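Step one of this worksheet: look at the structure below.
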Amino acid sequence: MSNINISEATIALIDSLKSTTGAFGLAGTGSEYKIVTEMFLYKFFNDKFGYEAKRDQIYGERLSKAEKWDAEYDKFTEEEVEDLFSYLPASVPLLKPEHTLSHLYNSATKGDFSTILDATLVDIASLNADTFSVTTSGKSKVNIFFPLTTFVTDTQKRDEFAKSLMRNVASFNFEDVFDEKYDFFSRIFEHLLKGFNNAGGGKYAEYYTPRAIAQVMARLLVGDNSDLRGITCYDPSAGTGTLLMALAHQIGEDRCSIFSQDISEKSSEMLRLNLILNNFAASLPNVVQGNTLTEPSHKENNGTLKKFDFIVSNPPFKLDFPEYRDTLASDTIRFWAGVPNSVKKVDPMKPKMAIYTCFIQHVLNSLKTTGKAAIVIPTGFITSKSGVEKRILQRIVDEKWVYGVVSMPSNVFATTGTNVSVIFFDKSASSDKVILIDASKLGEEYKEGNNQKRRLRDFEIDKIVNTFQNKETVDDFSVSVTYDEIKEKGYSLSAGQYFDIKIDYVDITEEEFNKRMSNYKSTLVQQFEESHRLEKEILEQLGNLSFNSQIGKE
């Protein structure tokens, strides 16, 4: 099957599962994404187990020669099942004969099928808990599967719901996609996220960094270095793992391990799916659900923050956190630049505290002395004149940690109109200059729903990467500056402040010159007259005002 057909078939599977949730009144609910992703993963597990079992040196031939491998597997004794488990790679999901899709499908005619399906999913989760669970910051394990049919409130409809889900997955075979790589799964994963809209709170893009931005960050951090081995990658605000997947792909899937933390339960579940699809199940024990700022979970044996080779992050920009603001502020070693001041009144719709500044400090504290990082930040940060932001700017320049900034086009993120930049750090302080790029004019416009957005095209990504790596100075696009020059500009990291001011001279006739000057004068006269009229009107209205001693008296 061609890549296009595989992709279309996989997307059709996702859409059929979403259609079923809609038919049973669950579209747009917090349970929709759980149902779709869990059934998607169950089918993936079923086919992955069969795929690997048929390749096993001991039992593979027996299963491969059978007309249907799962029917033959049903004949295995308990001892043979345990023996097969012992031979399979550690990252392969384990299924007993009664867990397979065909066994379940054949049970659909039995009464209370919804209970059978739910019990099977829970049993699979328990069997695979050591490999496929993620943990919370409190060290609790979060299993991969939970009962699904209980989301349907009408108990009389649960059996039909369970059967419908089984019909959705029965007609698809994942074996055609197991050899696919990052580029394939990143597009499938994006489609999976997009369809959930507001399900479970928030839109998909709150958990997703555009692939183009992720590519730029990964390529600029790693470059063409093919000698990397045993690399640790970390994201303290991981979301669904878009940045981590791009970074790991750039390094090489077999050369790195992944560490993450995110406060969102939904994000952590989607990240787990992303890791499994991209063959990073071995890193699942390093996925933590919890508050990175108050309970950073990745630590060394002595209790200090674990240090990483590469860190990527797209943290929340503004989020009010008065309940633990003082706790963070008291840790002056970790938050050396300070913590944003508390707000008197929290408005969830208009948060004011610049929480991203805390994440920047956490990232810098979590880098090895030779480590590199890239963080998405609001563009306003790079010209900050005061507060926590200015203190961070001063230190990253004085210590020569910052080595590049790329200011992105507006509206590249689906959830914010805020202009964003990506700032790059190198803890080894090995650069003598900083490359500043203004990519704000790049990108093509497109519509997403009712919103007008922009996205970087492949050749524009290449332009950014090549300019950055070569530290080229390009008119009105990029400039390479020394750290002393940055200090002279008040620690500004905005490329535009270093561009040469150019005056364009245009050849015109004396007649054209006089005509233009006449138009300019005429326009100014009209504006002055309007200004005088408004000034007179305001003064007259002020003159008509008088004191009324009766106002406020009963």
**Request:** Quickly run through segment 65-85 and pick out the residues that are out of contact with any helix residue (DSSP H, G or I) (no Cβ under 9 Å at 6 or more places or on another chain) and modelled with pLDDT under 95.
**Result:** GLU67
**Request:** Quickly run through segment 360-387 and pick out the residues that are surrounded by fewer than 21 Cβ atoms within 10 Å (Cβ to Cβ) and either touching a Ser or Thr at 6+ places or on another chain (Cβ under 6 Å) or in a loop (DSSP other than H, G, I, E, B) (or both).
**Result:** THR370, PRO378, THR379, THR383, LYS385, SER386
**Request:** Pull up segment 471-497, narrow it to residues that are under 28 Å from the mean Cα position of the chain (by Cα) and polar (S, T, N, Q), then point me to the one that is nearest to PRO378 (Cα to Cα).
**Result:** SER494
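When the residues of segment 238-269 are filtered to those that are part of a loop (DSSP other than H, G, I, E, B) and of a type in the set (Ser, Thr, Tyr), which remaining residue is farthest from LEU192 (Cα to Cα)? Break it down stepwise before answering.
Our first condition is that a residue be part of a loop (DSSP other than H, G, I, E, B); within segment 238-269, this holds for 238-241, 252-255, 263-264.
Retained after the next criterion (residues that are of a type in the set (Ser, Thr, Tyr)): 240, 264.
Working: THR240: 11, SER264: 18 Å.
Filtering segment 238-269 for residues that are part of a loop (DSSP other than H, G, I, E, B) and of a type in the set (Ser, Thr, Tyr), the one farthest from LEU192 (Cα to Cα) comes out as SER264.
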**Prompt:** Somewhere in segment 39-56, is a residue out of contact with any Gly (no Cβ under 9 Å at 6 or more places or on another chain) and part of a loop (DSSP other than H, G, I, E, B)?
**Reply:** yes
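Could you tell me which of the residues ASN302, ASN314, ASN286, ASN274 is out of contact with any strand residue (DSSP E or B) (no Cβ under 8 Å at 6 or more places or on another chain) and either within 20 Å of THR209 (Cβ to Cβ) or modelled with pLDDT under 90 (or both)?
ASN274
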**Complete:** Filtering segment 105-163 for residues that are hydroxyl-bearing (Ser, Thr, Tyr), surrounded by 18 or more Cβ atoms within 10 Å (Cβ to Cβ) and closer than 30 Å to ASN278 by Cβ leaves a count of 4
**Request:** Can you confirm whether segment 440-449 contains a residue that is of a type in the set (A, V, I, L, M) and either without any contact (Cβ under 8 Å) to a residue 12 or more places away in the chain or crowded, with 19+ Cβ neighbours inside 10 Å (or both)?
**Result:** yes
**Request:** Can you work out which of the residues in segment 494-523 that are modelled with pLDDT under 80 and hydrophobic (A, V, I, L, M, F, W, C) is nearest to ILE435 (Cα to Cα)?
**Result:** ILE501
**Request:** May I ask you to verify whether LYS447 is part of a strand (DSSP E or B), of a type in the set (Lys, Arg) and assigned by TED's automatic domain parsing to the domain that holds LYS471?
**Result:** yes
**Message:** Looking at segment 238-255 only, could you name the residues that are over 11 Å from GLN215 (Cα atoms) and among the β-branched types (Val, Ile, Thr)?
**Reply:** THR240, ILE251
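The values are calculated or read from the model by the stated rules, or taken from the named source; none is laboratory data. Everything quoted here is computed from the prediction, not taken from an experiment. All Cβ positions, even for glycine, are placed from backbone atoms using ideal geometry, and neighbour counts span all protein chains on display.
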